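What follows is a short report on a single structure.
The values are calculated or read from the model by the stated rules, or taken from the named source; none is laboratory data. As the structure is a prediction and not an experimental result, all values here were calculated from the model. Here the Cβ positions follow ideal geometry from the backbone for every residue, glycine too, while neighbour counts run over all protein chains shown. Ligands, DNA and RNA are stripped out before the accessible areas are found, and what is left, the full protein with its side chains, is counted by its heavy atoms. Shrake-Rupley method; radii C 1.70, N 1.55, O 1.52, S 1.80 Å.
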Amino acid sequence: MTRQGLLITFFLSGLSLFTGKIHASQELIEVYSCNTCNYEKAKTIAKEHHVKPVCQWETSSNERLHLGQPILKCDTSSKNLIIANPLDKRAFKFNVKATNNSSTPQENGVISTIEILPLNTSEKDLLKTFYDIDRDFRTAVSKTSYITSSKIQGPLELKSTSLNNEDSCASHPVSYFGNQQYQVNLHETLTQLIEKELFDANWFDNFIVSDVTQSVLKLSKGDLGFQISLQHNEIGSYISKVYGGSDNLLNFEVKYNGEFNIGGTRKLNLTYKLNRGASIIDGMAMNLLFSPVVDLTDVAISNCLLKFIEENSKEIETIDSHTRGNAHLAGNCSRKIKKELCSTERYSQKCTNSIISLRC
């Protein structure tokens with residue numbers, strides 16, 4: 001099979017792909033990926049995914065009840081499913097039964113029970129394929145790091161208020177914020193680097209057309225098919241854009257949502273979520289730098305960061321020691337600025353507001 005014409009909608013947040021066509025005669029098993037699961041946690045998740053019992057109201061023939069009074073009768077549902085941990089390569093197969101013993105059809109009246117089942121050889125083989133895919137993606141991301149080698153401006157002296165020129169600030173992490181085109185371009189660059197690593201994986205050409213409406217990964221072999229949900233995964237994959245050195249970097253959680261083809265060129269469909277806690281600007285953790293209340297009056301910051309804070313912001317208050325009669329503070333002046341910061345969160349924007357104190 002050639003690489004042209006492939007459409008694979010596939011990985012770490014929702015995907016749908018096939019190692020072959022899943023026929024109606026094939027056994028299709030639900031698999032839930034949980035990369036933090038042990039046996040006890042797997043049992044809890046398995047119970048959550050029972051089939052809802054079918055209930056109906058029937059007229060009672062019990063003489064102790066009023067004739068004609070309806071009663072609720074429910075069947076007992078049953079299905080097999082697998083909880084798989086791709087990181088430690090452990091999987092648990094369960095039979096999950098559920099029934100409703102209450103007098104109302106409400107979901108909270110459902111009781112589910114589980115029974116552990118052995119995995120057969122075909123199931124183990126398909127699980128290995130899934131583990132390989134998960135490993136390949138994580139390996140590709142971990143090998144990828146985008147470093148801007150150009151020198152960027154270091155922190156200013158506290159009294160300096162001069163501004164960088166536009167070109168030098170383009171190599172500073174603040175250029176990512178407030179400029180959606182820059183965000184798109186950076187994400188595309190990161191994707192291209194991951195593509196170089198991932199397209200060497202030998203399983204890529206084994207997959208064909210997918211149903212993009214389904215948020216699952218589908219694998220098949222012979223008479224067996226897996227429908228794999230990734231909703232319970234808790235450990236993500238991360239990539240960094242480094243601006244000159246460790247004092248300035250943006251860290252992203254990256255998820256694989258598929259692949260598409262443009263003019264015969266395969267392109268990964270990845271989404272990026274900025275990890276503010278692990279991102280650093282001017283040597284400061286970003287989540288602290290843009291927390292609700294920030295005092296930078298005694299902190300040396302770059303002109304790029306200063307310019308970014310001042311642009312499109314609102315000055316709330318200016319405090320000059322001369323107006324307060326504080327002779328020992330003569331020459332000290334500070335101001336408070338309200339700043340909105342927006343960054344990409346998968347398919348949307350996350351915005352926060354900060355009150356930042358700066359020197360005049």
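Observations on the structure shown:
- Condition check for K97: part of a strand (DSSP E or B), at pLDDT 65 or above and open to solvent by less than 40 Å² (accessible area, probe 1.4 Å): no
- Test result for F137, buried (at least 18 other Cβ atoms within 10 Å of the Cβ), at pLDDT below 75 and of a type in the set (F, W, Y): no
Quick grid of which residues meet (1) farther than 30 Å from D223 by Cβ; (2) within 28 Å of the chain's Cα centre (by Cα); (3) at pLDDT below 85:
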residue: S112; (1), (2), (3): no, no, no
residue: D125; (1), (2), (3): no, yes, no
residue: Y131; (1), (2), (3): no, yes, no
residue: G154; (1), (2), (3): yes, no, yes
residue: K159; (1), (2), (3): yes, no, yes
residue: N164; (1), (2), (3): yes, no, yes
residue: D167; (1), (2), (3): yes, no, yes
residue: T189; (1), (2), (3): yes, yes, no
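- Selection status of T144, in contact with a helix residue (DSSP H, G or I) (Cβ under 9 Å, 6 or more places away or on another chain), modelled with pLDDT under 85 and closer than 30 Å to S302 by Cα: yes
- Hey, I235 buried (at least 20 other Cβ atoms within 10 Å of the Cβ), under 20 Å from the mean Cα position of the chain (by Cα) and modelled with pLDDT of 70 or more or not: no
- Any hit, region 11-25, residues being open to solvent by less than 20 Å² (accessible area, probe 1.4 Å), at pLDDT 85 or above and out of contact with any Asp or Glu (no Cβ under 8 Å at 6 or more places or on another chain): no
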